[in-house]
1. Enumerate the pairs (first residue in region 136-151 and farther than 17 Å from residue 176 by Cβ and of a type in the set (A, V, I, L, M); second residue anywhere and at pLDDT 95 or above and buried (at least 20 other Cβ atoms within 10 Å of the Cβ)) with beta-carbon separation below 6 Å, excluding pairs fewer than 6 apart on the same chain, so at least 6 apart or on different chains.
2. From the set of residues in region 30-63 that are at pLDDT 95 or above and assigned to a loop (DSSP other than H, G, I, E, B), which is surrounded by the fewest Cβ atoms within 10 Å (Cβ to Cβ)?
3. Let me spell it out: the conditions are (1) among the aliphatic types (A, V, I, L, M); (2) in a loop (DSSP other than H, G, I, E, B); (3) touching a strand residue (DSSP E or B) at 6+ places or on another chain (Cβ under 7 Å), and residue 150 meets all of them except one. Which number is the exception?
4. Given the conditions (1) surrounded by fewer than 18 Cβ atoms within 10 Å (Cβ to Cβ); (2) in contact with a Cys (Cβ under 9 Å, 6 or more places away or on another chain), which single one is not true for residue 144?
5. Among the residues of region 212-233, write down those that are among the hydrophobic types (A, V, I, L, M, F, W, C), touching a residue at least 60 places away in the same chain (Cβ under 8 Å) and in contact with a Phe, Trp or Tyr (Cβ under 8 Å, 6 or more places away or on another chain).
6. What number of residues within region 152-199 satisfy the criterion of being free of Cβ contacts under 8 Å to residues at least 24 places away in the same chain and within 17 Å of residue 227 (Cα to Cα)?
Amino acid sequence: MNKAGWRSFAIYGCVLALCQPLAACGPAEKAAPSTNDGAASTKAATIPADAPLVIAFGDSLYAGYQLGPKEGLAPQLQAALAADGAVARVQNAGVSGDTTAAGRQRLAFVLDNARTKPAVVLLGLGGNDMLRGIDAAQTRANLDAMLAELHKRGIPVVLTGMVAAPNLGADYAAKFNPIFPELAAKYDASLYPFILDNVVTDKALMLGDNIHPNAQGVKIIAEALAPLVEEQLPGAD
């Protein structure tokens, strides 16, 4: 990761330290209307019924917290793939407030009820574990179990990472932060080390809580993730 990426880690960690008592990334009682329709203004391309399926399985950073129906990660990733000439259907399986334990409980259900076997699964959980101070060993075990399940089913994974807030201490960070690169290596998964890299440092790309990206921020994330997804799609070189 470049210096800007590590700076994003540090700044985001400081924001999390301030917001941790809110147990952020949880569900909102009512989604606020979007203030940025630009990222979703282009008419979505028609996706063939037999297009490869990509499932975005995560928490509120995947679910489109406080965003319009076309502004979350799934629709914007689908648009980014289409812009690159990679046709795929991206399913939103993000649930605001999900911990890794909750994700582990619902993963098999989501996979079993998918319209077809996913070509790729994006996995992005762990932020809520960290905000709640859940034992990093539990987070690791839950993510390990989910990656093992996906590996057993022969489904490629793109794993998006998170970073521990500094007020949790160096010991916690030393246990939490390596989870993502180490499990990605263990299961030969593609890794995007920090989901908010190049977004969290720009207030214009974040919602007012300074934790969740706005529509334009999600667009940047989707465009960064698209190449990793494309590498895993059927027919990729």
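The values are calculated or read from the model by the stated rules, or taken from the named source; none is laboratory data. These numbers were taken from a predicted model, which means no experiment stands behind them. A quick note on method: Cβ atoms are made from the backbone with ideal geometry, for glycine too, and the neighbour counts reach across all protein chains shown.
1. These pairs meet every condition: 150/121; 150/157.
2. 51
3. Single failed check for residue 150: (2).
4. (2)
5. The answer is 225, 228.
6. 1
Each row is one residue, and each column tells you yes or no for (1) surrounded by fewer than 17 Cβ atoms within 10 Å (Cβ to Cβ); (2) more than 19 Å from residue 94 (Cβ to Cβ).
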{"site": "130", "(1), (2)": "no, no"}
{"site": "137", "(1), (2)": "yes, yes"}
{"site": "140", "(1), (2)": "no, yes"}
{"site": "154", "(1), (2)": "yes, yes"}
{"site": "160", "(1), (2)": "no, no"}
{"site": "167", "(1), (2)": "yes, yes"}
{"site": "172", "(1), (2)": "no, yes"}
{"site": "180", "(1), (2)": "no, no"}
{"site": "186", "(1), (2)": "yes, yes"}
